[in-house]
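Student: Mind looking over this structure? Questions follow.
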Amino acid sequence: MAKGLDPEYLQQLKSKNDLVDVVSAYVSLERKGGNWWGRCPFHHEKTPSFSVNAEQQFYHCFGCGVSGDVISFIREIESVDFMDAIKILAERAKMPLPEMNFDTEKTAEMKRKRDAILKILRQSAHFYLNYLNSGKAEAHIQYILDRKISAPIVRKFGLGASPDFHSLPQFLQDSGFKREDIIDSGAVTESEKNNRLVDAEAGRLIFPIINAMGDVVAFGGRILEKSDFAKYKNTKETMVFNKSKNLYNINQIKKQKQTAGIKDLIIVEGYMDTLSLYQAGFTNVVASMGTALTKDQARLMKRYAENIYISYDGDFAGQKGAIRGLEILRDEQLNVRVVPLPEGDDPDDVIKKQGQDGYRACLDAAMPLIDFKLEVARRQYDLSKAEEKRAYIAEALKIIAEAESESVKEELLKQLRDRSGVTYESLKRDLENAPAQIYAVSETEPVRKEDGTDRHVKACRFLLASVLFGAKYAKNFSLSSVRFDNPVHNIIAAYIKECEKTGEPVRPSALFEIFDEDTPEFSKILDLSLGETLEGEGAARYFDDCVRTIRREGIEEQLKHLSAMCDAETDLEKKREITRQILKLTIELKNF
């Protein structure tokens with residue numbers, strides 16, 4: 001993760017960016033005991049479980065398990081890569097960017113290419129913008145006027161125009177860029193017929209796609225006249241652009257959050273919906289750019305708001321396929337509501353026909369995800385036909401069973417009663433009986449008890465946490481006498497042993513330079529730092545028990561291995577030596 005960077009530079013960067021100060025710019029923190037606490041910015045929660053350890057300079061959420069240091073926090077909250085996080089923190093601390101000492105030529109070439117691609121895309125955006133304003137892009141200007149996009153919005157979103165197939169490639173080559181880099185940027189493709197370079201968005205109205213860091217990473221293009229070609233086309237995915245991890249207009253959302261704050265986000269499908277809503281005053285809008293919603297996009301939205309309004313086209317049949325995407329948002333603990341639009345209309349249509357007030361009324365009528373799913377189900381069936389009505393009731397009951405509270409279930413059952421004509425009592429009995437059948441099946445399955453492996457893992461976690469966080473009873477304990485099987489445990493133990501050898505203090509935050517923020521086993525060890533888990537006589541006794549458990553199981557494993565060796569050995573002298581080792585370990589085991 002920190003490959004190519006001077007460790008001293010990283011340490012200085014962290015020391016000049018106090019974690020409490022950095023986190024406080026995004027999260028409201030309150031001091032309790034030795035730590036600072038707030039609501040986790042990475043998942044929805046009502047009770048603060050996000051803890052910042054000021055002394056050790058790391059954060060950990062005891063709700064979702066996310067953890068890290070100041071660099072990983074910026075990476076997550078800003079949705080940027082490692083080097084972009086370094087840039088943000090260096091600028092904050094007024095430190096110069098570091099000299100890169102790359103370990104390999106491949107790493108250096110990757111950085112060179114990435115920088116070149118970003119420069120090519122930025123220059124391409126300027127090229128398109130200049131052509132739109134050149135007086136030659138009459139068709140593009142007319143399209144903008146026809147769609148009633150104002151000049152300030154055109155400038156705000158950096159819209160441009162592609163003149164033809166060859167002008168952009170020629171411009172980029174004349175600017176001195178390498179042919180390979182030009183192709184790899186995605187703005188230009190190579191013709192299969194004659195290997196000539198051609199503009200990937202030839203002739204289209206151009207929508208620059210800008211990431212949260214303000215970099216142009218791709219382009220979307222809108223064809224101007226009816227054609228067999230797709231109306232909208234995005235440039236291909238590259239080393240700087242992955243459509244499933246980006247949202248259109250996220251760059252301006254980031255600025256808005258920093259300056260005025262954001263209460264909720266509206267997500268639409270495309271570029272024109274975004275521009276139309278923004279122009280009407282709904283500036284908290286992003287677009288999924290035609291792709292089905294992904295977990296990465298959900299997590300990106302969660303950086304900026306917890307309340308999400310889904311505002312897709314007003315065609316319920318077409319929206320049925322989007323339910324999985326909406327569930328992804330819900331699964332990321334986002335509050336999801338679906339905006340009902342007139343049948344066949346999209347947000348742009350509503351703004352043009354009914355104006356700002358008309359769309360505001362649609363927002364006010366937004367329904368929770370579960371209500372939306374019920375409405376989609378209702379529209380699939382003809383309730384005048386007995387068979388279809390039964391199928392609808394069965395599907396509706398499955399949906400209602402997902403409700404989190406009994407009061408919501410009651411309300412939804414009453415709605416189903418009114419729609420179906422079936423009594424509330426009958427529907428309630430069917431709803432209660434369905435889960436009972438599921439539970440009956442699950443109860444016949446054997447309950448999995450905690451086995452020796454689980455006890456061993458828990459003992460290793462507690463032992464490592466005690467040493468890592470400097471518990472008094474573990475102060476003089478050496479890990480050299482303990483064997484670990486889990487790779488994460490081994491890495492933590494190796495770090496602690498290295499500190500013992502060099503005399504350096506053990507710093508838990510140093511491990512965030514080794515582990516990814518979402519390493520589950522590391523997160524479970526960090527969980528043990530909460531409250532008084534590692535303090536008191538009870539913890540000291542449990543620590544001793546953990547040491548005995550680990551050592552005893554280590555000996556048992558050795559005995560098992562030696563016994564197998566002894567059975568397989570044919571040389572009598574070697575067999576006697578193995579037997580002596582077995583005897584020695586057996587005696588040692590009795591002492592535990």
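The values are calculated or read from the model by the stated rules, or taken from the named source; none is laboratory data. Please read these numbers as outputs of a predicted model, since none were measured by experiment. Note that we place each Cβ from the backbone using ideal geometry, even for glycine, and neighbour counts take in every protein chain shown. Each accessible area value is taken on the protein alone, full model and side chains, heavy atoms only, with ligands, DNA and RNA left out. Shrake-Rupley method; radii C 1.70, N 1.55, O 1.52, S 1.80 Å.
Student: Compute the acute angle (0 to 90°) between the alpha-carbon long axis of helix 452-468 and the principal axis of greatest extent of the alpha-carbon atoms of the chain; round to the nearest 10°.
Tutor: Here the helix axis deviates by roughly 90 degrees.
Student: Which whole-number value in Å³ per residue fits the convex hull of the alpha carbons of the range 38-90? Please list the in-between numbers first.
Tutor: On the way: hull volume 4.1 nm³, N = 53.
Value for the range 38-90: 77 Å³ per residue.
Student: Counting other Cβ atoms within 10 Å, which GluC sites (Glu not before Pro) in the range 194-297 have at most 12 and lie in a DSSP loop? Mind dumping the intermediate values first?
Tutor: Details: sites: E201, E225, E237, E269; in loops: E201, E225, E237, E269.
Qualifying residues, ordered by number: E225.
Student: Ok, one more. Between the helical axis of 369-380 and the dominant principal axis of the chain, each derived from Cα atoms, what acute angle in degrees is found, rounded to the nearest 10?
Tutor: Once rounded, one gets 60 degrees.
Student: When the C-alpha atoms of the range 33-153 are aligned to their principal axes, what extent does each axis show, in angstrom, from largest down?
Tutor: So the extents along the principal axes, rounded to whole Å, are 66, 45, 26.
Student: If you project the alpha carbons of the range 349-422 onto the principal axes, what extent comes out on each, in Å, largest first?
Tutor: That works out to 41, 31, 17 Å along the principal axes.
Student: Here's another thing I want to ask about it. So what are the range 139-246's ellipsoid semi-axes, whole angstrom, largest first, if each one is the square root of 5 times an eigenvalue of the alpha-carbon gyration tensor? Walk me through the intermediate numbers first.
Tutor: Details: eigenvalues 105, 64, 37 Å².
In descending order the semi-axes read 23, 18, 14 Å.
Student: Counting heavy atoms of the protein chains only and a 1.4 Å probe, report the per residue accessible area for the chain as a whole number of Å².
Tutor: It amounts to 53 Å² per residue over the chain.
Student: While we're looking at this one, here's another question. Note down the accessible area of M213, probe 1.4 Å, to the nearest 10 Å².
Tutor: 60 Å²
Student: Report the dimensions of the chain along its three principal axes from the alpha-carbon atoms, largest first, rounded to Å.
Tutor: 92, 75, 58
Student: Expressed in nm², what is the orientationally averaged projection area of the convex hull enclosing the Cα positions of the range 161-310?
Tutor: On the way: hull surface 40.9 nm².
Computed as one quarter of the Cα hull surface, the answer is 10.2 nm².
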